[in-house]
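Only one structure is covered here, and it is reproduced in the block below.
The values are calculated or read from the model by the stated rules, or taken from the named source; none is laboratory data. None of the values given here were measured: they were computed from a predicted structure. In this analysis, Cβ positions are derived from the backbone assuming ideal geometry, glycine residues included, and neighbour counts consider all displayed protein chains.
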Amino acid sequence: MLPPAGQSLNCSRDFFHTTESFFCLTFFCLRCCFVHARSCPLRLSLDKLRDVSSRLHKGLVQGLGKHSHHRAAVKMLPTFVRATPDGTEKGDFLALDLGGTNFRVLHVRVLQAEQKVVKMDSQICVVPKDMMTGATQQLFDHIASCLGDFIASQELKGQTLPLGFTFSFPCEQKEIDKSILIRWTKGFNCPGVEGRDVVTLLRDAVRRRGDYDIGSVAMVNDTVGTMMSCGYKDQSCEIGMIIGTGTNACYMEEMKNVKRVEGEDGRMCINTEWGGFGDDGSLRDIQTEFDQMVDKTSINPGVHIFEKMISGMYLGEIVRLLLLRLSEEKLLFKGQKSEVLQTPEIFQTKFISEIEEEDTGLDNARRILTQLDLQWDEADVRVVRLVCDTVSSRSARLCAAALATIANKMRLNRGLDRLQTTVGVDGTVYRKHPNFSEELQLTVRLLAPECSITFLVSEDGSGKGAAMVTAVAQRLALQSRLLDDSEEDEEEEEEDEETS
Ligand code: BGC
């Protein structure tokens, strides 16, 4: 990845081998300077990240407030998960996972005696792209049909198993089994679902089929599933984070700060929906022209601005737009006007990881540029790698700023000099990019020096974690309820903001 802002760029040593390489190096370094200047707005200094973190902190407090949450960009959604697993959970569960790379159906067994979650079986179902933006009933009938086929193949017909539904979109959870979709994100946009209860839509679809039944349903965000699946192994896991197709985090907040939920004691898991940070314009100064373009051409302009700077659904596009601009400015591909680079989504996010691989990266870049039918030279290959570095590095540093905000808040909440905690993490960007996790962890250490954070990559949080949430939910969930907004009390909004 790029050296931290402020340090100079070192060109690769392998360039010095021949005289020809020497000229190549000089040319490359010259181009690097221009490329560096062009991509400068994408490099965020530590001070800038601190500033972003303090803006996010304000956003978190606003989202938690009883009177301020309506207009908050960071939704801070109560999840009704009041406890991480304690090892007494057990039973058989079905799990659905919608909203990541694939739609999956799973059968999971939680064994109390061995403190183990066993995935019995799972099946991936494709959700065709047109269904992601098509009619509501079509989508939920498809989900019910995949589930029905799976139940039949597992010979579970006739049993009424509880179901954990990992639905990775912002939902206002009224109770553990009542979850109103606030908005679609990522590639989904079926009209008519926003504002409706997803559990009812699922139950209606199952009823329409009429050949199987489901038991109690627990709705789970993927961040929560991730935290819970890691929490089973490491009881100090109190944060869940996803950096995949989308990005988000949840954490255990003090009940006294969760003003929208009855009760003062203990903690509740809050789904921050940090992807929405910036939707109120608070990130305008760090949004580049490329971010603005990605947002403008997305299916949900103006929404999930932070996510669009970070997550796997968008990183490839940011790189493509930057490469296009560099080639228009004759800094790449001999300035050829390439139709390829004008094709949306042609530069996949996985190319970034491949190009940044330490040993094979340059070869991968040559292969990818050839596949894309671009006329490249050796300096182009290195510039493309530099661009990938810049974009992925910004993503890792922004995530680090957001995670540090949460960790710092948890530490202050608890009045600790030092917070020791574990973050359960999942998502293709975090898992697959060669140096993303390292850069993220390094930056968090700089931004939250009083927090010792252990990172635990989740083992199938969306599947096993969903089963775990369902199991814990059966034990605990209905202990609290969301206060009606109409239940006004005397406290003022300012008071919310002061005390969180
Ligand atoms: C959704 C979150 C989800 C995240 C990661 C975002 O687009 O709004 O609910 O947790 O993606 O999948």
| query | Does segment 417-430 contain at least one residue that is surrounded by 19 or more Cβ atoms within 10 Å (Cβ to Cβ) and either of a type in the set (Lys, Arg) or in contact with a Leu (Cβ under 6 Å, 6 or more places away or on another chain) (or both)? | reply | yes
| request: Filter segment 32-85 for residues that are surrounded by fewer than 15 Cβ atoms within 10 Å (Cβ to Cβ), of a type in the set (A, V, I, L, M, F, W, C) and within 22 Å of the chain's Cα centre (by Cα) and give the result. | output: none
| request: Find the helices (runs of 4 or more DSSP H) located wholly in segment 308-376 whose residues include 2 or more that are within 16 Å of the ligand (Cβ to nearest atom), and list them. | output: 312-328
| request: State whether one or more residues within segment 335-347 are closer than 25 Å to residue 439 by Cβ and small (Gly, Ala, Ser). | output: no
| Test set (1) surrounded by fewer than 24 Cβ atoms within 10 Å (Cβ to Cβ); (2) touching an Asp or Glu at 6+ places or on another chain (Cβ under 8 Å); (3) under 24 Å from residue 442 (Cβ atoms); (4) not acidic (Asp, Glu) - residue 318 fails condition number | (1)
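Which strands (runs of 3 or more DSSP E) does segment 105-188 wholly contain that include 3 or more residues that are more than 16 Å from the ligand (Cβ to nearest atom)?
Numbers: elements: 116-125, 163-167, 171-175, 178-181.
Strands (runs of 3 or more DSSP E) meeting the threshold: 116-125.
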| remark: Exactly one of 73, 83, 152 is closer than 30 Å to residue 397 by Cβ and not hydroxyl-bearing (Ser, Thr, Tyr), and that one is 73
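Out of the residues in segment 267-287 that are among the acidic types (Asp, Glu) and within 13 Å of the ligand (Cβ to nearest atom), which is farthest from the chain's Cα centre (by Cα)?
Residues of segment 267-287 that are among the acidic types (Asp, Glu), as a first pass: 273, 279-280, 285.
Next cut, within 13 Å of the ligand (Cβ to nearest atom) only: 273, 279.
Numbers: 273: 9, 279: 16 Å.
Only one residue tops the list, namely 279.
Among the residues of segment 348-363, is there at least one that is among the hydroxyl-bearing types (Ser, Thr, Tyr), at pLDDT 95 or above and farther than 30 Å from residue 285 by Cβ? If you could, list the steps in order and put the result at the bottom.
First pass over segment 348-363, keeping only residues among the hydroxyl-bearing types (Ser, Thr, Tyr): 349, 353, 360.
Filter again for at pLDDT 95 or above, leaving 349, 353, 360.
The next check asks that each one be farther than 30 Å from residue 285 by Cβ; those that pass are 360.
Checked segment 348-363: at least one residue is among the hydroxyl-bearing types (Ser, Thr, Tyr), at pLDDT 95 or above and farther than 30 Å from residue 285 by Cβ.
Determine whether segment 205-218 contains at least one residue that is surrounded by 16 or more Cβ atoms within 10 Å (Cβ to Cβ), in contact (Cβ under 8 Å) with a residue 24 or more places away in the chain, within 16 Å of the ligand (Cβ to nearest atom) and over 21 Å from residue 423 (Cα atoms). Before the answer, list the steps.
Just the residues of segment 205-218 that are surrounded by 16 or more Cβ atoms within 10 Å (Cβ to Cβ), to begin with: 205-206, 212, 214, 216-218.
In the following step, the residues that additionally are in contact (Cβ under 8 Å) with a residue 24 or more places away in the chain were identified as 205-206, 212, 214, 216-218.
Checking which are within 16 Å of the ligand (Cβ to nearest atom) leaves us with 218.
Now drop any that are not over 21 Å from residue 423 (Cα atoms), which leaves 218.
Yes, segment 205-218 contains a residue that is surrounded by 16 or more Cβ atoms within 10 Å (Cβ to Cβ), in contact (Cβ under 8 Å) with a residue 24 or more places away in the chain, within 16 Å of the ligand (Cβ to nearest atom) and over 21 Å from residue 423 (Cα atoms).
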| message | I'm checking my understanding of the structure. Among residues of segment 224-266 that are within 16 Å of the ligand (Cβ to nearest atom) and hydroxyl-bearing (Ser, Thr, Tyr), which one is surrounded by the most Cβ atoms within 10 Å (Cβ to Cβ)? | response | 226
